[in-house]
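Every number in this text was worked out from the coordinates using simple rules, so none of it is lab data. Keep in mind it's a predicted model, so treat the numbers as computed, not measured. Cβ placement follows ideal geometry from the backbone for every residue including glycine, while neighbour counts extend to all protein chains displayed.
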Amino acid sequence: MKALVYYGTKDLRYEEFPESQLKRSEVRIQVKFSAICHTDFNEYANGPLYVSATPHPRTGRSVPLVLGHEFSGEVVEVAADVTRLKTGDRVTVNAVDCCRQCELCRRGLGAQCSVAALIGFGRDGGYAESAVVPADCCHILRPNVSYRAGALVEPLSVALHSLRRAKVEAGSRAAVIGGGAIGLCTLQALRACGVLDVYVVEKSSAKQRYAEELGATEFIHTERADPRQVILERTNGMGVDVAFECVGSGPALETALSVTRPGGTVCLSGLLPRPIEFNWNNVLSKEKTITTTIAYNDEFPMVIAMLNGGSMNAEGLITRTLPLREALDTLTHFEEWGSTNIRTMIDMSA
Ligand SMILES: [Zn+2]
Ligand SMILES: [Zn+2]
């Protein structure tokens, strides 16, 4: 099969790759759509980060490895012991292949499992014509959820998980710092969960149209306005109940803290590239809660239901669609697309 295969730093190849044999409890998926994520560019440019340089403790996989962790497809083969899925099922894939046996897994915290293999990093992923994945990672798409939308259940689940971590309540007010893919997914999750107002703070005006179409109350362009001033004006001088830091930078965290009301919550959704310092007394004296989020646990069925019912909209995140043979060039030049790209989709049938 044709695949995008990762060999190491700045070495990603579009080539013929052998299909894996099905093992116990696994299924083979004919991939329909795969979304290109910044994490993959980071792996290409600065990795191996998530891909194991040595064989993964559970899967034994290392480079060369097929990347891709946001994808959907049709089940075309099932192992003899799989009863929950059958050929022809339309599915999307939860990328966290956890052990399902340790204490953390049994408590529903699979993303924290110490031997979890991330599909597309710790085992072969979805930048290929087909993928072999554990049946337990597959979620059936409801009738109104297209394969295109199905490939975006993963980043939307990241966003929904962050709302649950931040204990967001219907009727509250929120700010999203950063209007990239995760910021816009967070905006959608906030809307779907009945949040009253969502302010999106972003430095690139190219994201304004997407943020407004996806339901932002107001897009605050950091070069034109001071987010703190605008948000305090709109909230009777109080600030929002909850702010999501979706950039991964010290200044963005400062902004998130500065627009959050006393007693409110700031959720760190973006990975910080380096340690940062800030004044904890500003957090303590205002009794602000700082929470963190990574990946997702059981959010996939909820996101599929929200897409099915129309309270989330995957199409609004898609900026381009291209065939697999053109994806290598796009992925390796990802940063050049930065300001105009939300999600580029690979159409495997093209
Ligand atoms: Zn991703
Ligand atoms: Zn585990």
Taking the Cα atoms of the chain, what is the range of coordinates along each of the three principal axes, in descending order and whole Å? 61, 41, 40
Based on DSSP H assignment, which helices of the chain show an axial Cα extent of at least 15 Å together with a mean Kyte-Doolittle hydropathy greater than or equal to 1.0? 181-192
Can you list the lysines whose alpha carbon is less than 24 Å from that of Lys167, not counting same-chain residues fewer than 8 positions off? Lys286, Lys288
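Grab the other residues whose beta carbon is less than 13 angstrom from that of Leu65, score K and R as +1, D and E as -1, and report the net.
-2
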For the chain, what is the mean residue ellipticity at 222 nm derived from helices alone (per DSSP H run of n ≥ 4: -39500 (n - 2.57); sum divided by total residues; nearest 500 deg cm²/dmol)? -7000 deg cm²/dmol
Straight-line reach from Lys203: which aspartates and glutamates have a Cα under 19 Å away, not including same-chain ones fewer than 8 places off? Glu212, Glu213, Glu218, Glu223, Asp226, Glu245, Glu254, Glu335, Glu336
Using alpha carbon centers only, the range 32-64 is separated from the range 139-195 by a whole-angstrom value of 24
Long-range amide H contacts for Val176: which residues qualify at under 5 Å (H placed 1.01 Å from N, peptide plane, sequence gap of 5 or more or a different chain)? Tyr199, Val200, Val201, Phe244
In debye to the nearest 20, the charge dipole size for the chain, taken about the Cα centre with +1 at each Lys and Arg Cβ and -1 at each Asp and Glu Cβ, equals 660
If you build a Gaussian network model of the chain, linking Cα atoms that sit under 10 Å apart, which residue out of Pro57, Pro48, Pro275 swings the most? Pro275
Assigning unit charges at the beta carbon (Lys, Arg +1; Asp, Glu -1) and nothing else, what dipole magnitude in debye, to the nearest 20, does the range 75-233 show about its Cα centre? 300
Under 19 Å between alpha carbons, and skipping anything fewer than 8 positions from Lys23 in its own chain: which lysines qualify? Lys86
